[in-house]
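*Asks:* First, the structure itself, so that you have it in front of you.
Every number in this text was worked out from the coordinates using simple rules, so none of it is lab data. Please read these numbers as outputs of a predicted model, since none were measured by experiment. Don't worry about glycine lacking a Cβ; one is built from the backbone with ideal geometry, like all the others, and counts go over all protein chains shown.
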Amino acid sequence: MQIINYIKSGSVPITIIISFFAALVFTVNCGKPASDGESTNNSGFVFTDTWITKVSDTSEISAAYFKVENETESDDLFLGATSKVAEFIEIHEMLQDKDVTGMRMLDQVEVKANNSIQFTPGGLHLMLIGLTSPVKKGDSITLILNFKKAGPLKVNFTVKAPHEYYEED
Amino acid sequence: MHIKKIIIVSILFSTLFTIACKPKSVAFDILPIGGDFTLVDQNNEPFTLSSLKGNIVLLFFGYTHCPDACPMTMGLLGKAYDELGDDAKSIKTVFITVDPERDNIENMQGYIEGFSETFPGFKPIGLIGTDDQIDEVIKLFAGMRMKRTGVSKSGYTMDHNTSVFVMDSKQQVRYLYKPADRLNKLVSILEAMLAAEEN
C-alpha cells in the first residue's frame, strides 16, 4: 500500500526503482539456461561447459568434457556417447595414486535427480577414439549422449585448445 | 588529523602488499633425482638434456594417445609461459614419451605441432626412444610407467607420473609441480626461480 502512496505522491524512493528493475531482469531471465548451455528436447537435462580438446592433426584421440544437470525428479544413468567424428567414445575416470595417474573405463555414470555431474580434466572425461577427421579449434561437434531414461540427447561441443581451460584460473 | 592517519595506514598497507606480491627468493632444495640422458627429438635429431644447461627446464612424461593429463599439462605450461611473458623465453619444456611402442617421429612431430598455438614461439621438445632408453630416463627421475591392456578400445593405456620436474639452469631438480595445483602456483615458482637465477 505504501508503494501506491508513493506513486500517488509522485515521489518514488530510489531503492524501490532499483528493486523494480532488478526484479524485471530476474523475471526476464527466469528459466533460461546459462549462456553456453543448452537444454535438449525438453528432456530436463541441461548441458553446460561442453568442449572437446583440440589435439594435433595427426592425433587419433581426444577428450570431451561437460556438465550435465538432471532437473527431473528421477535418477538416471549416463550410458555413453556416439559421434560421427569418432569410431568409439568411452567414459573414462582418471585415477591418481600418489604421483602416478591412470585411466579406468566406466560403463555408466549415475546422474541423480536434481543433481549434476561434471566431466572435467583430471576427473571424468569422454575419450574419443579413432577420430575420423581432425578436430579444429572453434569447430562445433555434435555428440549423442545416451541416458537410460531420457534416451539419446544431441549436444553440441566446441573445440578448444587445452590452454584455454586455464584462462579463468 | 583523521586524514593523516588514513594516509599513514594506507602507506603501511601498500608497503606490506608490495612485499607480499614480490616473488620470494625461496631457495628450493635440490632433489636427489635427475641426470643427463640422450634420446631422439621430434625432428629425428639426438637430444641430450645437458644441451639445455643455462635454462630452466620443465620436464614431464606422457604419451600422444593420452587424452586428458598430457594435453592438459601442455596447456597448463603454455598458459604459464603466457603469464610470464618475456621472462619465459629462457624456460624450456621437455615432453618424454612413456609409450615408445606407439610414439614415433611422425606422431611426436604432429603432437608437438598441435600445441603451436599453446606455445607461441616456444616449441616444446618431444622425445622418443627405445623401451630400454625410456626406462633408463624414467629411473633417473624415480618414476614409473605401466601398460594397461583391456581397459580401452584405443588398444591400451599407460599409467605414468604426472608431476612436472622443474629444473634450474644447472639441471638440478628443484621442484615437483603437480598439475592439479593451480596455475598461479606454477607461475610464482617459476618467477621465484628466475629471480634466484639472476642473483
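*Asks:* Calculate, axis by axis, the spread of Cα positions in region B:122-199 along the three principal axes, and write the results as whole Å, longest axis first.
*Replies:* Principal-axis extents of the Cα atoms in region B:122-199, largest first: 51, 28, 25 Å.
*Asks:* Then there's this: Given N residues in chain B, what is its alpha carbon radius of gyration divided by 2.2 N^0.38 Å?
*Replies:* 1.21
*Asks:* Could you list B:Asp41, A:Asp76, B:Asp181 so that the one with the fewest beta carbons within 10 Å of its beta carbon is first and the one with the most is last?
*Replies:* B:Asp181, B:Asp41, A:Asp76
*Asks:* Put +1 on the Cβ of each Lys and Arg and -1 on the Cβ of each Asp and Glu in region A:55-151; which of A:Ile89, A:Val109, A:Gly130 then has its Cα farthest toward the positive end of the dipole?
*Replies:* After comparing all options, I get A:Gly130.
*Asks:* Could you give the nm distance between label points at A:Thr120 and A:Thr142, where each point is 7 Å from its Cα heading toward the beta carbon?
*Replies:* Output for this residue pair reads 3.0 nm.
*Asks:* What is the dipole size for region B:39-159, taken about its Cα centre, with +1 at each Lys and Arg Cβ and -1 at each Asp and Glu Cβ, in debye to the nearest 20?
*Replies:* 200 debye
*Asks:* To the nearest 10 degrees, how steep is helix B:2-21 against the longest Cα principal axis of chain B, on a 0 to 90 scale?
*Replies:* 20 degrees
*Asks:* Note the full-extension length gain between B:Ser90 and B:Lys178 as 0.36 nm times their separation in residues minus their Cα-Cα distance, in nm to one decimal.
*Replies:* Length gained between B:Ser90 and B:Lys178: 29.5 nm.
*Asks:* Okay, moving on. Pick out, in residue order, every one of the trypsin sites (Lys or Arg not before Pro) in region B:24-105 that is DSSP loop and has at most 14 other C-beta atoms within 10 Å; say none if there are none.
*Replies:* Sites meeting the loop and neighbour criteria: B:Lys24, B:Lys53.
*Asks:* Based solely on its DSSP helices, what 222 nm [θ] is calculated for chain B when runs of n ≥ 4 H residues each add -39,500 (n - 2.57) and the sum is averaged over all residues, nearest 500 deg cm²/dmol?
*Replies:* Mean residue ellipticity, 222 nm, calculated: -11500 deg cm²/dmol.
*Asks:* If r is the Cβ-Cβ distance from B:Glu197 to B:Glu45 and R0 is 30 Å, what FRET efficiency results, to the nearest 0.05?
*Replies:* So, using R0 = 30 Å, E works out to roughly 0.65.
*Asks:* So what's the angle, to the nearest 10 degrees on a 0 to 90 scale, between helix B:183-198 and the longest Cα principal axis of chain B?
*Replies:* So the inclination is approximately 80 degrees.
*Asks:* With a cut-off of at most 14 other beta carbons within 10 Å, and DSSP calling the residue loop, which GluC sites (Glu not before Pro) in region B:105-193 qualify? Please list them.
*Replies:* Answer by residue number: B:Glu117.
*Asks:* Separate question: What share of Cα pairs, in percent, lie more than 16 angstrom apart in region B:57-110?
*Replies:* 46 percent
*Asks:* Something else: If you take the beta carbon distance between B:Asn104 and A:Asn156 as r and set R0 to 30 Å, what does 1/(1 + (r/R0)^6) give as a FRET efficiency, to the nearest 0.05?
*Replies:* 0.30
*Asks:* Then there's this: Select from B:Ser169, B:Ser154, B:Ser116 the residue whose mean-square fluctuation is largest in a Gaussian network model of chain B (Cα-Cα springs shorter than 10 Å).
*Replies:* So, out of B:Ser169, B:Ser154, B:Ser116, the one fluctuating most is B:Ser154.
*Asks:* Could you check the spin-label model distance between A:Lys149 and A:Glu87? Points 7 Å from the Cα along Cα→Cβ, value in nm.
*Replies:* Those two pseudo-labels are separated by 3.6 nm.
*Asks:* Quick one: helix B:131-140 against the long Cα principal axis of chain B, what's the angle to the nearest 10°, folded into 0 to 90?
*Replies:* 30 degrees
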